[in-house]
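Comments concern the structure below.
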Amino acid sequence: MLGDRSDYRVYGPSRNVSSAALMTVRWTRAAMLTTAGIAAVMLTFAWCAWQRRWMSDDGLIIVRTVRQILAGNGPVINAFERAEADTSPLWTYLLVILAAITRANIPHLAVVTGGLLTVAGVGIALDATRRLHRRRGVTEMLCPAGAFVVLGAYPFWDYATSGLETGLMTVWLAALWWLLVTLEPTATRRRQLVTAITFGLGPLVRPDVGLATVVFLLAAWVIVRPSRRRSLGLGVAAVALPIAYEIFRAGYYGALVPLPAIAKSASRSLWGHGLTYLFDFVRPYWMWLPFTVLAVLGAIVISRRSLARRDWIVVAAPVVTGLLLATYVVRVGGDFMHARMLLPPTFLAVLPAMMLPVRRITAPAIALLAGWALVIGISLDDHESHTSGVNGIEDEHVGYVRWTGHSHPIETGPFVRADRPASDIAAQAMRERTRLVMIADARILGPMSSAHSGPIVYAAGRLGTGGAVVPLDGIVADMLGLANPLGARITAILPGYAGHEKPLPVAWLVADFVDPAAESTSVLPSTLRAARHAMSCGAFAELLASVREPMSLGRFWANFTGSIARTRLEIPSDPVEAEWKFCGADAKGIRVTASSSFEVEGFSRASVADGERRSVPGSYGYASHAGVFTDHEEWIALQYPSPRSISKVVLHSTGYGFPIDFKIQIWNGATWVDRVVKTNYPAPDVVPQMFEWQTADVTDQIRIVATHLSQVRGGYQLQLAEIEALGPSPP
């Protein structure tokens, strides 16, 4: 490590000096200044991270999981349900071990451990790059040039102590770099084994950094070139722990990936949103400047052909991994946490330049990087948010400091107090032993169902805070799907809203947790009936059984064998649509489909056929996507459980968005047939509009197709409060 014999004056070959061949003579001034530079960077980074210490709400999610494990309830958020809300199993179990040994306060333990690991990772990375230069015969003083990127951008400081797995990931990536730099073709079998096992931990550190596992294992193989038999053995050693955990995950949780990966639809492509996330990181910190400087230096090195083949492999591994990881982050649309997902690829990309020899050609670049870090670090460390806020991207640190009113929110107390008045209502209900279901906005949904034990159900978007409000035997219901097996799998309601595309409709909460005997004023009876029916049918019912039935060998095997299907399972957010999907011919609700749907602020497809003819809070009706500023076509269709005789349709207006040109169609079993065609139809305000035709049709589907829309808030939108299909009037 720091100050070992490779940093003494070396006499002998000028390039590619093996570690065994290095001869210790004496410390040089360059060696001492290099070591001092490494120490200065580590101390400075530690100070910066400590000044911005905090606990994120997602960090509190991990804290609750650790508490549940220590209480004997298993790696879960709620004792009654097996849900994997943590994306880093290794970080969770590391905290479990440390908490069990030290008995320390878990939030403080997470913050301090994360900070120490991050600082250690920076130090290991610096030492690895130092060793890379020394083995090449470089004897000049080395300056921590690339480390200035870590020192300059404050998101590196923020996430060092956020309670998340950032510290573990930093030290693991640094360890990969150190092991690769020091790996020799003649490495012992023990050293090869240690390297393979360490490289293989990626999926347990966090699934996306498994890319680093693949690239670094390949680079190590090219350097060592072990025999086929040895390669197979090392490969098995590398994947043994991840595969063992994957078997556990599939059998215990019934899925192949953590719930956050399902909730965020991590397998799809959202390039546009991802680029917005990238620019949100690059713009405020002028990240283009340090990377341009480092790219120019890299081009000079390439042009001079000064690296040996082995060194090229070593240098390429982190750079290629960083580019692949950044591309993946952009492809999936980024995240809602400002800069967080781009910190690992940034760290990887600068590893080969973490230290640079002080020479005439590098001195200007080093000075420019140092100046950039100083200016950016000082000017932007103002405790203000520097994110664009587009697509729901938030500066979590600034947000939680303001929300809690605490400069360093680490303990759960500031979060619970900030959740008032809901947290006070919950505390009172638990004192009075009033078992109720409530939302963190202080809405009470009703009494708890006897099917669930525990003192309360507390539904929250801030899951970590909700977990602090509710005791371990209570239920914190996640409204965003990160720890909710149902919510993680619903169809996206807010597409493009990074990380939060699937807010759980209240109907599902009421159906799952409220006493069926209680009358609900929060959800329409038809919607609630459909939700409860859907939950009892087919793959939906099996999903709930997979996470709520007591664990046994039979349940483990059923979970394991069905894990692929459950990982792919998608549940329509509309309960009626879900009933049609899972209950089939037994469905009793009216299925509503549309060309587009605005599913927030009380609007939904389902409420256009829920029996409420007026546009009222909770059932405003149907509205197509808002914010479309050109006239276009929209349609909405109703499908009934069985064919019926229809000769008239009544359209109830919301008061806005009634179509100007439209057609009413029926399905004849093969195609849509026009029954009513209207052009330049006058806006009817809120008076029901009846459209009738002479001969009744027996059909199970009707459709309204609008080809000329009204303007609503500057855009063009189709809105209807209710659609009724009626048969002929009795004679």
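No lab work stands behind these numbers, since they all come straight from the coordinates. These numbers were taken from a predicted model, which means no experiment stands behind them. Cβ sites come from the backbone with ideal geometry, for glycine too, and all protein chains shown count toward neighbours.
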Checklist line | Dipole of the chain, positive direction: furthest Cα of 410, 361, 709, with charges on the beta-carbon | finding: 361
Next item on the list: Report the charge-dipole magnitude of segment 412-586 in Debye, nearest 20, computed about the Cα centre from +1 at each Lys and Arg Cβ and -1 at each Asp and Glu Cβ.
Entry: 320
Item checked: Nonlocal Lys pairs with alpha-carbon distance under 18 Å, the chain (8 or more apart, or different chains) -> 4
Next item on the list: Positive end of the charge dipole of the chain (Lys, Arg +1 and Asp, Glu -1 on Cβ, about the Cα centre): tell me which of 139, 445, 193 has its Cα farthest that way.
Entry: 139
Check: Normalised by the residues of segment 406-533, what does the relative contact order come to in percent, with Cα pairs under 8 Å and at least six apart?
Finding: 19
Check: Any idea what the dipole of segment 38-150 comes to, in debye rounded to 20, about its Cα centre with Lys/Arg Cβ at +1 and Asp/Glu Cβ at -1?
Finding: 440
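Among 335, 158, 382, 661, what is the fewest-to-most ranking by other Cβ atoms within 10 Å?
Least crowded to most crowded, the residues run 382, 661, 335, 158.
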Checklist line | Neighbour-count order for 122, 686, fewest beta carbons within 10 angstrom listed first | finding: 686, 122
Checklist line | Footprinting exposure proxy for 512, 697, 86 (fewest neighbouring C-beta atoms within 10 Å first) | finding: 697, 512, 86
Margin query: Below 8 Å between Cα atoms, with a sequence gap of 6+, how large is the relative contact order for segment 36-168 in percent?
Written below: 41
Next item on the list: Can you tell me how much longer the chain between residue 33 and residue 450 gets when fully stretched, taken as 0.36 nm per residue apart minus their C-alpha distance, in nm with one decimal?
Entry: 143.2 nm
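Based on the alpha-carbon gyration tensor of segment 213-254 and its eigenvalue square roots a ≥ b ≥ c, which shape applies: rounded if a/c is under 1.5, prolate if not and a/b is larger than b/c, or oblate? Before the final figure, lay out the partial values.
Details: a/c = 5.58, a/b = 2.45, b/c = 2.28.
In terms of gyration-tensor shape, prolate.
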Note to self: Only four residue types carry charge here, +1 at the Cβ of Lys and Arg and -1 at the Cβ of Asp and Glu. Report the dipole size of the chain about the Cα centre in Debye, rounded to the nearest 20.
What the structure shows: 3820
Margin query: Suppose a student asked you for the relative contact order of segment 591-726, using Cα pairs under 8 Å spaced at least 6 residues apart; what percent would you report?
Written below: 36
Margin query: Based on alpha-carbon atoms only, what is the radius of gyration of segment 412-586 relative to the globular estimate 2.2 N^0.38 Å?
Written below: 1.05
Notebook entry, point to check: With a sphere of radius 11 Å drawn around the Cβ of residue 408, what net charge do the other residues whose Cβ falls strictly inside it have (Lys, Arg +1; Asp, Glu -1)?
Noted result: +1
Notebook entry, point to check: Are there cysteines in the chain with no second cysteine's Cβ under 4.7 Å away, and if so, which?
Noted result: 48, 143
Next item on the list: Please work out how much length the chain gains when fully extended from residue 382 to residue 312, using 0.36 nm per residue of separation minus the C-alpha to C-alpha distance, in nm with one decimal.
Entry: 21.2 nm
Note to self: With the cut-off at 1.5 for a/c, could you classify segment 591-726 from its C-alpha gyration tensor as rounded, prolate or oblate?
What the structure shows: prolate
